[in-house]
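Structure first, commentary second.
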Amino acid sequence: LEQQLEQERLDEEKRQTITDALMDYRAQQEKAISPLEDLSLIDKLLLMAIVESLGSDNLKTSLSLTDNLERPLSPLYTMDETILEHLFKANILLLNPMDSLDYTNITESGEVDINLDYAKATFDFAYDANDITSLRVEVKEQRTVNELIDNVVFKDWCENIQLAECVSYLIERARVNSLIPPLGEKMMSLLKARLTTYSVTELISLIWMAV
(Lines give C-alpha, C1' and ligand atoms only; values in the text may rest on other atoms or scores of the structure.)
Protein backbone atom coordinates (compact mmCIF):
# COMPACT_ATOMS: atom_id res chain seq x y z
CA LEU A 1 0.00 0.00 0.00
CA GLU A 2 2.84 2.40 0.86
CA GLN A 3 4.51 1.69 -2.48
CA GLN A 4 1.23 2.35 -4.27
CA LEU A 5 0.75 5.65 -2.45
CA GLU A 6 4.34 6.66 -3.18
CA GLN A 7 3.88 5.87 -6.88
CA GLU A 8 0.68 7.89 -6.97
CA ARG A 9 2.49 10.81 -5.34
CA LEU A 10 5.31 10.61 -7.90
CA ASP A 11 2.82 10.41 -10.77
CA GLU A 12 0.98 13.45 -9.47
CA GLU A 13 4.26 15.39 -9.12
CA LYS A 14 5.17 14.47 -12.68
CA ARG A 15 1.76 15.54 -13.95
CA GLN A 16 2.00 18.85 -12.11
CA THR A 17 5.52 19.48 -13.48
CA ILE A 18 4.27 18.82 -17.01
CA THR A 19 1.19 21.01 -16.50
CA ASP A 20 3.32 23.89 -15.20
CA ALA A 21 5.69 23.55 -18.17
CA LEU A 22 2.81 23.57 -20.65
CA MET A 23 1.26 26.64 -19.02
CA ASP A 24 4.63 28.37 -19.17
CA TYR A 25 5.02 27.45 -22.86
CA ARG A 26 1.54 28.83 -23.56
CA ALA A 27 2.39 32.07 -21.75
CA GLN A 28 5.54 32.46 -23.86
CA GLN A 29 3.49 31.93 -27.00
CA GLU A 30 0.99 34.58 -25.98
CA LYS A 31 3.78 37.10 -25.43
CA ALA A 32 5.13 36.36 -28.92
CA ILE A 33 1.85 36.80 -30.84
CA SER A 34 2.27 39.21 -33.74
CA PRO A 35 -0.41 41.80 -34.52
CA LEU A 36 -2.80 40.36 -37.10
CA GLU A 37 -1.92 43.05 -39.63
CA ASP A 38 1.75 42.06 -39.43
CA LEU A 39 1.14 38.47 -40.53
CA SER A 40 2.30 37.53 -44.00
CA LEU A 41 -0.42 37.02 -46.57
CA ILE A 42 0.45 33.32 -46.75
CA ASP A 43 0.04 32.88 -42.98
CA LYS A 44 -3.32 34.65 -43.17
CA LEU A 45 -4.45 32.28 -45.91
CA LEU A 46 -3.23 29.22 -44.01
CA LEU A 47 -5.02 30.41 -40.87
CA MET A 48 -8.23 30.81 -42.86
CA ALA A 49 -7.79 27.31 -44.27
CA ILE A 50 -7.55 26.00 -40.69
CA VAL A 51 -10.61 27.99 -39.62
CA GLU A 52 -12.70 26.74 -42.55
CA SER A 53 -11.62 23.11 -42.16
CA LEU A 54 -10.99 22.65 -38.44
CA GLY A 55 -12.44 25.71 -36.72
CA SER A 56 -15.06 25.32 -34.01
CA ASP A 57 -18.34 27.21 -34.27
CA ASN A 58 -17.17 29.83 -31.78
CA LEU A 59 -14.00 30.52 -33.83
CA LYS A 60 -11.85 30.08 -30.73
CA THR A 61 -10.41 26.58 -31.06
CA SER A 62 -9.63 23.95 -33.66
CA LEU A 63 -10.76 20.38 -33.97
CA SER A 64 -8.09 17.71 -34.29
CA LEU A 65 -7.33 16.27 -37.71
CA THR A 66 -8.65 12.89 -36.57
CA ASP A 67 -11.97 14.46 -35.49
CA ASN A 68 -12.40 16.34 -38.75
CA LEU A 69 -14.38 14.02 -41.00
CA GLU A 70 -16.16 16.55 -43.21
CA ARG A 71 -13.76 19.11 -44.70
CA PRO A 72 -10.19 17.97 -45.48
CA LEU A 73 -7.53 20.59 -44.89
CA SER A 74 -5.30 19.36 -47.73
CA PRO A 75 -4.96 16.26 -49.94
CA LEU A 76 -2.52 14.53 -47.55
CA TYR A 77 -2.28 14.10 -43.77
CA THR A 78 1.42 14.92 -43.93
CA MET A 79 0.58 18.24 -45.59
CA ASP A 80 -2.08 18.89 -42.92
CA GLU A 81 0.51 18.34 -40.21
CA THR A 82 3.01 20.60 -41.98
CA ILE A 83 0.48 23.43 -42.05
CA LEU A 84 -0.41 22.98 -38.38
CA GLU A 85 3.23 22.82 -37.33
CA HIS A 86 4.05 25.96 -39.34
CA LEU A 87 1.28 28.00 -37.72
CA PHE A 88 2.00 26.57 -34.27
CA LYS A 89 5.66 27.58 -34.45
CA ALA A 90 4.59 31.02 -35.67
CA ASN A 91 2.39 31.41 -32.55
CA ILE A 92 -0.75 31.71 -34.69
CA LEU A 93 -2.07 28.46 -33.26
CA LEU A 94 -1.62 28.28 -29.50
CA LEU A 95 -0.93 25.26 -27.33
CA ASN A 96 -3.94 23.91 -25.48
CA PRO A 97 -2.21 22.87 -22.22
CA MET A 98 -4.79 20.47 -20.83
CA ASP A 99 -5.18 18.69 -24.16
CA SER A 100 -1.40 18.32 -24.53
CA LEU A 101 -0.59 16.26 -21.44
CA ASP A 102 -0.42 13.03 -23.43
CA TYR A 103 2.18 14.50 -25.80
CA THR A 104 4.59 15.66 -23.11
CA ASN A 105 7.30 13.75 -21.25
CA ILE A 106 10.03 14.46 -18.75
CA THR A 107 13.47 13.44 -19.98
CA GLU A 108 16.07 11.68 -17.83
CA SER A 109 17.77 15.02 -17.26
CA GLY A 110 14.52 16.44 -15.89
CA GLU A 111 13.65 18.60 -18.91
CA VAL A 112 10.10 18.74 -20.24
CA ASP A 113 9.82 17.53 -23.83
CA ILE A 114 6.74 18.67 -25.78
CA ASN A 115 6.29 16.42 -28.80
CA LEU A 116 2.87 17.20 -30.26
CA ASP A 117 0.92 14.66 -32.22
CA TYR A 118 -0.42 17.04 -34.86
CA ALA A 119 -3.01 14.51 -35.98
CA LYS A 120 -4.66 14.50 -32.54
CA ALA A 121 -3.77 17.88 -31.09
CA THR A 122 -6.23 20.74 -30.73
CA PHE A 123 -5.25 24.41 -30.65
CA ASP A 124 -6.57 27.79 -29.61
CA PHE A 125 -6.52 30.56 -32.20
CA ALA A 126 -4.24 33.47 -31.31
CA TYR A 127 -6.83 36.01 -32.51
CA ASP A 128 -10.38 36.61 -31.39
CA ALA A 129 -13.52 35.78 -33.34
CA ASN A 130 -14.01 39.37 -34.57
CA ASP A 131 -10.49 39.48 -36.03
CA ILE A 132 -10.97 36.12 -37.72
CA THR A 133 -14.32 37.23 -39.18
CA SER A 134 -12.70 40.37 -40.58
CA LEU A 135 -9.83 38.33 -41.97
CA ARG A 136 -12.30 36.07 -43.77
CA VAL A 137 -13.47 39.10 -45.74
CA GLU A 138 -9.97 40.44 -46.35
CA VAL A 139 -8.52 37.29 -47.90
CA LYS A 140 -11.34 37.15 -50.45
CA GLU A 141 -10.74 40.66 -51.78
CA GLN A 142 -9.37 41.13 -55.30
CA ARG A 143 -6.43 43.05 -53.86
CA THR A 144 -5.37 39.93 -51.99
CA VAL A 145 -5.63 37.81 -55.14
CA ASN A 146 -3.45 40.27 -57.04
CA GLU A 147 -0.79 40.17 -54.33
CA LEU A 148 -0.51 36.40 -54.73
CA ILE A 149 0.33 36.41 -58.44
CA ASP A 150 4.07 36.98 -57.98
CA ASN A 151 4.38 35.65 -54.43
CA VAL A 152 7.19 33.06 -54.39
CA VAL A 153 6.13 31.56 -51.04
CA PHE A 154 2.57 31.15 -52.29
CA LYS A 155 3.91 29.45 -55.42
CA ASP A 156 5.88 26.99 -53.25
CA TRP A 157 2.82 26.16 -51.13
CA CYS A 158 0.72 25.65 -54.27
CA GLU A 159 3.32 23.33 -55.78
CA ASN A 160 3.47 21.29 -52.57
CA ILE A 161 -0.33 21.02 -52.44
CA GLN A 162 -0.45 19.97 -56.10
CA LEU A 163 2.17 17.32 -55.40
CA ALA A 164 0.25 16.15 -52.33
CA GLU A 165 -2.91 15.81 -54.40
CA CYS A 166 -1.14 13.63 -56.97
CA VAL A 167 0.52 11.51 -54.29
CA SER A 168 -2.82 11.07 -52.54
CA TYR A 169 -4.40 9.84 -55.76
CA LEU A 170 -1.46 7.54 -56.47
CA ILE A 171 -1.82 5.99 -53.00
CA GLU A 172 -5.54 5.49 -53.52
CA ARG A 173 -5.09 3.89 -56.96
CA ALA A 174 -2.44 1.57 -55.54
CA ARG A 175 -4.77 0.61 -52.68
CA VAL A 176 -7.65 -0.14 -55.03
CA ASN A 177 -5.42 -2.39 -57.13
CA SER A 178 -3.69 -4.03 -54.12
CA LEU A 179 -0.32 -2.50 -55.01
CA ILE A 180 2.37 -0.86 -52.92
CA PRO A 181 2.88 2.74 -54.14
CA PRO A 182 6.55 3.44 -55.01
CA LEU A 183 6.81 6.66 -52.97
CA GLY A 184 10.59 7.05 -52.97
CA GLU A 185 12.69 10.04 -53.95
CA LYS A 186 12.64 9.05 -57.63
CA MET A 187 8.84 9.04 -57.72
CA MET A 188 8.66 12.38 -55.92
CA SER A 189 11.16 13.90 -58.35
CA LEU A 190 9.25 12.45 -61.31
CA LEU A 191 5.92 13.86 -60.13
CA LYS A 192 7.45 17.28 -59.44
CA ALA A 193 9.01 17.33 -62.91
CA ARG A 194 5.73 16.34 -64.57
CA LEU A 195 3.84 19.06 -62.69
CA THR A 196 5.97 21.66 -64.47
CA THR A 197 4.43 20.62 -67.80
CA TYR A 198 1.12 18.95 -66.86
CA SER A 199 -1.82 20.17 -64.81
CA VAL A 200 -2.91 18.18 -61.76
CA THR A 201 -5.91 16.88 -63.70
CA GLU A 202 -3.71 15.69 -66.56
CA LEU A 203 -1.23 14.03 -64.23
CA ILE A 204 -4.01 12.29 -62.32
CA SER A 205 -5.27 10.92 -65.65
CA LEU A 206 -1.81 9.58 -66.38
CA ILE A 207 -1.67 7.94 -62.93
CA TRP A 208 -5.11 6.40 -63.56
CA MET A 209 -3.87 4.85 -66.81
CA ALA A 210 -0.58 3.65 -65.33
CA VAL A 211 -1.65 2.22 -61.96
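Which residue, chosen from LEU45, ILE114, ALA90, occupies the Cα position most advanced towards the positive end of the dipole of the chain, where the dipole is computed from +1 (Lys, Arg) and -1 (Asp, Glu) charges on Cβ about the Cα centre?
Of LEU45, ILE114, ALA90, it is LEU45.
Can you sort MET23, MET209, MET187, MET79 by solvent-accessible area, 1.4 Å probe, largest first?
Order by accessible area, largest first: MET209, MET23, MET187, MET79.
7 Å from Cα along Cα→Cβ at both LEU206 and ASN146: what's the point-to-point distance in nm?
Here the answer is 3.6 nm between the modelled labels.
For region 116-202, build the charge dipole from Cβ charges (+1 Lys, Arg; -1 Asp, Glu) around the Cα centre, then report which of TRP157, PHE123, VAL167 sits farthest towards its positive end.
It is VAL167.
Could you please report the charge total around LYS60, scoring K, R as +1 and D, E as -1 over all other residues with beta-carbon less than 13 angstrom from its beta-carbon? Working shown, then result.
Details: positive: none; negative: ASP57, ASP124, ASP128, ASP131.
Residues close to LYS60 contribute a combined charge of -4.
Order LEU195, LEU206, most accessible first, counting only protein heavy atoms with a 1.4 angstrom probe.
Solvent-accessible surface, decreasing: LEU206, LEU195.
Go through LYS31/LYS155; LYS44/LYS140; LYS14/LYS120; LYS44/LYS192; LYS89/LYS120; LYS60/LYS120 and tell me which ones have a Cα-Cα distance over 19 Å in this structure.
Values: LYS31/LYS155 31 Å; LYS44/LYS140 11 Å; LYS14/LYS120 22 Å; LYS44/LYS192 26 Å; LYS89/LYS120 17 Å; LYS60/LYS120 17 Å.
Going by Cα-Cα distance, LYS31/LYS155; LYS14/LYS120; LYS44/LYS192 fall outside the 19 Å limit.
Can you tell me how region 53-164 classifies by the Cα gyration tensor, rounded, prolate or oblate, using a/c under 1.5 as the rounded cut?
On the way: a/c = 1.98, a/b = 1.58, b/c = 1.25.
Prolate, because a/c is 1.5 or more and a/b exceeds b/c.
Suppose R0 equals 45 Å. What FRET efficiency, 1/(1 + (r/R0)^6) with r the Cβ-Cβ distance, do SER199 and LYS89 give to the nearest 0.05?
Numbers: r = 32 Å, r/R0 = 0.72.
My answer for the efficiency is 0.90.
Using modelled backbone amide H atoms (1.01 Å from N, in-plane), which distant-in-sequence or interchain residues come within less than 5 Å of PHE123's amide H?
SER62
Could you compute the longest span of the chain free of GluC sites (Glu not before Pro) located in DSSP loops and having at most 11 other Cβ atoms within 10 Å, not counting the site residues?
On the way: sites that count: GLU70, GLU108, GLU111, GLU141.
Free of exposed loop sites, the longest segment is 142-211.
Can you put TYR77, TYR103, TYR169, TYR25 in order of accessible area, largest first, using a 1.4 Å probe?
TYR77, TYR25, TYR169, TYR103
Tally up the carbon and sulfur contribution to the accessible surface of region 102-202 as a whole percent, 1.4 Å probe, everything protein left in place. It would help to have the intermediate numbers written out before the result.
Numbers: 3420 of 6770 Å².
Looking at region 102-202 in its full context, I get 50 percent from C and S.
For the chain, with only Lys/Arg (+1) and Asp/Glu (-1) charged at the beta-carbon, what is the dipole magnitude about the Cα centre, in debye rounded to 20?
Details: 19 positive and 38 negative charges, 241 e Å.
Magnitude of the dipole: close to 1160 debye.
The values are calculated or read from the model by the stated rules, or taken from the named source; none is laboratory data. What you see is a predicted model, and the numbers here were worked out from it, not measured in a lab. Reconstructed Cβ throughout: ideal geometry from the backbone, glycine too, with neighbour counts over all protein chains shown. Accessible surface areas use protein heavy atoms only, side chains included; no ligands, DNA or RNA. Shrake-Rupley method; radii C 1.70, N 1.55, O 1.52, S 1.80 Å.
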